[in-house]
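Undergrad: Before we start, here is the structure in question, set down as structure tokens.
A short reminder: the numbers here are calculations on the coordinates, not readings from a lab. Computed from a predicted model, the values in this text were never measured in an experiment. Neighbour counts run over all protein chains shown; Cβ positions are idealised from the backbone, glycine included.
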Amino acid sequence: MTSQAQIPARGHGTGAQTLIGLMFRAEAVLIPVGALLAGAAAFSLFLLAIGKSPAEFYALVWKAGFSSAFSWQNTLSRVAPLVLAALCVALPARLGLVIIGGEGAIVLGGLAAAVTGTAVAGLPAGIGMVTMALAGMALGGLWIGTIGALRIKRGVNETISSLLMAYIAIALMNHFVEGPFRDPASLNKPSTAPLEAGLRVGDMPFVAAHWGVVAGVLACLFCWILIERTTLGFAARIAGDNVRAAQVQGLPVSRLVIGFTALGGAFAGLAGYFEVAAVHGSANASLIAGYGYTGILVAFLARHNPLAILPVAVLLGGFEASSGLIQRRMDLPDATIQVFEGMVFVIILLSEALYGRLRIFTPAFWEHR
């Protein structure tokens, strides 16, 4: 196949080279967008099969997720955990790992933050909040980092182990919330002790969304710089493309795998902190909201690009925010949105086979034009 660098030598000049470069970049955008639209079309057929209107469904999604300031508040409140959960998938993916257990790091991070919040009661609010966030990140990083260690040291499949450890994490959270750390005053819904008002994360000025959104944006920027602009990120990409070649070059593959999985887990643990400190006020069963699993779809739609995760998380956050309205207006189960997301995810996986195969995105298609 003719390389992109060879095209201008045939007389097409830098304009052709620029066009080809744009087509290569377009592939990474158009294929996921096409998969999303194909998923929406497949779900529309499903709605028609059960006697529901696809037009009404998507109109309600727009109304609940994006049509007003209140809708954007509901959407943005879901963006922070989705972004941070997606990073838990995207960072290990750059090393060729498929981690799908971010839900476990979220619930354990939330539990650690809530318990730490009780322990630091009485300290200055700033110190207490930072301590809670670090506790959530530390436990989330340890949990997912263990999966990376099992993969590199014992050859344990990271996809299976992360999924199983997510269930273990949820069981541990339920045990501690309903047992040793239960607030005696939480009668109908077992919870840890509520946080002091000074330890709660408030909303941003002029925007009815908590500061976790800003943390998610900063986390994405940090991860993009780490992956695309540092030697450590370059080494991780080399290891992700070919582990043996990376080892031959003397790259610290073991440390890269454990470090990137632990960093991803730390971001998921941070999501748990914000769910406790900004949303629920304590650790309880509401932490098991499925953000870790939706984050998988966000990461795959974004092609594991930290910057692309932001708009994709906003889109999926809008879909998540509409589930209640769809349930009431269309008399559909609350899990309808999950069915839609599942269809999209399956098509996203199938679309992986298209990369590098569509002729319009190859240099050979443009070399004689």
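Undergrad: Mind checking the log10 I(q)/I(0) for segment 150-263 at q = 0.16, 0.19, 0.21, 0.23 Å⁻¹? Debye, one equal scatterer per Cα, no solvent, two decimals.
TA: -1.00, -1.07, -1.13, -1.19
Undergrad: Moving on. Taking the chain as the reference, fit the longest principal axis to its C-alpha atoms, fit the long axis of helix 158-178 to the helix C-alpha atoms, and give the angle between the two in degrees, 0 to 90, nearest 10.
TA: With both axes taken from Cα atoms, the answer is about 20 degrees.
Undergrad: Quick check on packing: order 166-178, 90-102, 148-160 by the mean number of other C-beta atoms within 10 Å, highest mean leading. Kindly include the intermediate steps, with their values, before the conclusion.
TA: Values: 166-178: 18.2, 90-102: 24.8, 148-160: 16.3.
Descending mean neighbour count gives 90-102, 166-178, 148-160.
Undergrad: Also: May I ask for the distance between the Cα centers of segment 75-125 and segment 299-359, given as a whole number of Å?
TA: The two parts, judged by their Cα centres, are 20 Å apart.
Undergrad: Listed highest first by mean packing, meaning other Cβ atoms within 10 Å per residue, what order do 129-141, 321-333 come in?
TA: 129-141, 321-333
Undergrad: Further question on the same structure: Convert each backbone phi in segment 110-123 into a coupling constant with the Karplus relation 6.51 cos²θ - 1.76 cosθ + 1.60 (shift: θ = phi - 60°), then list the ³J(HN,Hα) values in order as whole Hz, x for Gly and Pro.
TA: Going residue by residue, I get x, 5, 4, 5, 5, 5, 5, x, 5, 6, 9, 4, x, 6 Hz, with x marking Gly and Pro.
Undergrad: Just to check I understand the Karplus step: with θ = phi - 60° and J = 6.51 cos²θ - 1.76 cosθ + 1.60, what whole-Hz values come out for segment 39-53, glycine and proline as x?
TA: x, 5, 5, 5, 5, 4, 4, 4, 5, 4, 5, 9, x, 10, 8
Undergrad: Sticking with this one: What value, in deg cm²/dmol to 500, does the helix sum -39500 (n - 2.57) over DSSP H runs of n ≥ 4 give at 222 nm once divided by the residues of the chain?
TA: Counting only the DSSP helices, I get -23000 deg cm²/dmol.
Undergrad: By per-residue mean of other Cβ atoms within 10 Å, what is the highest-first order of 261-269, 237-245, 338-346?
TA: Descending mean neighbour count gives 261-269, 338-346, 237-245.
Undergrad: Any aspartates and glutamates with Cα under 17 Å of the Lys52 Cα? List them, leaving off those in the same chain fewer than 8 positions away.
TA: Those aspartates and glutamates meeting the cut-off are Asp331, Asp334.
Undergrad: Shape verdict for segment 75-221, please, from the Cα gyration tensor: rounded (a/c under 1.5), prolate (a/b greater than b/c) or oblate.
TA: oblate
Undergrad: Report the extension gain between Arg237 and His175 in nm, rounded to one decimal, defined as 0.36 nm multiplied by the number of residues separating them, less their alpha carbon distance. Mind dumping the intermediate values first?
TA: Values: separation 62, 0.36 × 62 = 22.32 nm, distance 3.91 nm.
This chain segment gains 18.4 nm when fully extended.
Undergrad: On a 0 to 90 degree scale, rounded to 10, what angle separates helix 253-274 from the longest Cα axis of the chain?
TA: 50
Undergrad: Further question: Treating cross-link reach as a plain straight distance, find the aspartates and glutamates whose alpha-carbon is under 17 Å from the alpha-carbon of Lys189, omitting any fewer than eight places away in the same chain.
TA: List returned: Glu178, Glu275.
Undergrad: Over the chain, what relative contact order in percent results from Cα pairs under 8 Å that are six or more residues apart?
TA: This gives 34 percent for the chain.
Undergrad: Also, quick follow-up: For a quick check: with amide H placed at 1.01 Å from N, whose amide H comes under 5 Å from Asp203's, ignoring anything fewer than 5 positions away on the same chain?
TA: The list, which skips near neighbours in sequence, is empty: none.
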